[in-house]
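As structure tokens, the structure follows; a few thoughts come after it.
The values are calculated or read from the model by the stated rules, or taken from the named source; none is laboratory data. None of the values given here were measured: they were computed from a predicted structure. Backbone-built Cβ (ideal geometry, glycine too); neighbour counts: all protein chains shown.
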Amino acid sequence: MHRTTVKVADGALDANQTIAEANRADFDRASVSVVNLMSAPGAGKTRLLERALERAEGNRVGVLEGDVRGSLDADRLSLLHVPVVQINTDPAFGGECHLDANMVRSAIPDLPLDEIDLLVIENVGNLVCPAEFRVGEHRRWMISSVAEGEDKPLKYPLMFRSCELVVVNKIDLLPHVDFSVERFLANLERVNPEAETILTSARTGEGIDAWRERLLGPAAAGRPAGASA
Amino acid sequence: MAGPETAAGPRRGPGPDVHELSIANEIVAVAERTAGGLPVAVVRVKVGRLRQVVPEYLDFYFEAAARGTVCEGAAMEWERLPSLLRCDQCATEWDPAPAPARTEDELLVDFRCPGCRSGLHSVVSGDELLVESIDVEDPDPQQGRGPGPEAGRKASPAPGKGGG
Ligand SMILES: Nc1nc2c(ncn2[C@@H]2O[C@H](COP(=O)(O)OP(=O)(O)O)[C@@H](O)[C@H]2O)c(=O)[nH]1
Ligand SMILES: [Mg+2]
Ligand SMILES: [Zn+2]
């Protein structure tokens, strides 16, 4: 036997990146803007989407649901009459902890890209893997709830650094938890000085208009329920 | 809670989290593509300190990911690359997340330039997650049957030279 060293110098995630770029080209061709929405489990991704989409009349929005708890979230969102496609993450071998570019690729034929202008991908609840695997998104956003602790940006710097918007959710719980918004924002600023932030409570509705406007544009925000403008 | 405490800080141990397993799978796939069917003895990986990948856990999951592939039984050698940023405004270079001197010390993470406080910077080092090289077991180097056709597409080894 003879041992030969072969130089590789490939990124470990190059294969995923290639597929992500193909996905993005498909989205661009269909003029669909794609948001990759990430968070720890239970931070409020689905609830915040519901709050934004309950007044999304006239907006052509679709959701790709990657969260792993069955099709519960997809069922909740489809009540809002937006097209929702559930992704099947491979339950064997690490497939459950994040979406990768290939899973999104396999869902593209099921997505009504011609009927939507915005696609929100609800990633699997996890602050680690989704930071590494791009899926073809244009924008990377995350939700951090006040129940999670103010040191999260320092513990997951790659995730917080890779997002341009951080939504701080569940601010209705502030009186009950040991969380200083000021210290959280200072920690975020140390990791991602350019990050934009919105404070929300999906429960009380505080900040929801700003969140909806950020997601859907000014026309959709602040519109009274039931108004048709 | 979702994942482990990583990158800028220590964490407990391989548990329910499978982050390093999914990365290990990708590393095995890169090595397989390169090996051209030959058994792989060593896989060398470079991990920048800005990645949320803990190389010690990569070791642990690499063994599992390699099972049933040409990488089965291969050793993984990893190198940790330091984190270093360069300010786009004033060219100051600094380490945004130096390892604390003692584990109980507070993490001193700062991605804002210590010189001019600008938030715009380029990463000089620390973002790497690379398969640097692999060692394959070549059964018959004299006949020039080195690694398969895909192997060495970036840099060819010199099969047969140097004995072994
Ligand atoms: N108190 C409070 N609970 C919330 C808020 N947003 C979401 N929740 C609750 O948190 C739980 C998880 O929310 P969900 O949207 O399913 O989280 P996801 O896993 O990120 O999709 C649910 O019980 C929600 O009702 C909020 O702003 N305040
Ligand atoms: Mg959800
Ligand atoms: Zn500077």
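A few points about this structure:
- Neighbours by Cβ (under 7 Å, 6+ apart or cross-chain): first from the stretch B:71-86, closer than 10 Å to B:Arg49 by Cα; second among the aliphatic types (A, V, I, L, M) and assigned to a loop (DSSP other than H, G, I, E, B): B:Ser83/B:Leu50; B:Ser83/B:Ala97
- Whenever a residue of the stretch A:126-143 is in contact (Cβ under 8 Å) with a residue 12 or more places away in the chain and more than 14 Å from every other protein chain (Cβ to nearest Cβ), its partners that are assigned to a loop (DSSP other than H, G, I, E, B) and among the hydrophobic types (A, V, I, L, M, F, W, C), lying with C-beta atoms within less than 8 angstrom and at least six residues away or across chains, give the pairs A:Arg140/A:Cys163; A:Trp141/A:Cys163.
- Residue in the stretch A:25-40 that is farthest from A:Gly136 (Cα to Cα), counting only those that are away from ligand 2 (no atom under 16 Å from the Cβ) and crowded, with 19+ Cβ neighbours inside 10 Å: A:Val32
- Which listed residue, of A:Asp14, A:Asp67, is acidic (Asp, Glu), more than 20 Å from the chain's Cα centre (by Cα) and within 14 Å of chain B (Cβ to nearest Cβ): A:Asp14
- The residue pairs whose first member lies in the stretch B:109-132 and is free of Cβ contacts under 8 Å to residues at least 12 places away in the same chain and facing chain A (nearest Cβ under 9 Å), whose second member is in a loop (DSSP other than H, G, I, E, B) and not charged (D, E, K, R), and whose beta carbons are closer than 6 Å, counting only pairs six or more residues apart or on different chains, are B:Arg112/A:Pro193; B:Arg112/B:Gly119; B:Gly119/A:Pro193.
- Residue ID - surrounded by the fewest Cβ atoms within 10 Å (Cβ to Cβ), chosen from residues in the stretch A:41-64 that are over 20 Å from A:Asp114 (Cβ atoms) and more than 8 Å from ligand 1 (Cβ to nearest atom): A:Glu54
- Filtering A:Arg203, A:Arg223 for residues that are in a loop (DSSP other than H, G, I, E, B), among the basic types (Lys, Arg) and at pLDDT below 95 leaves a single hit, A:Arg223.
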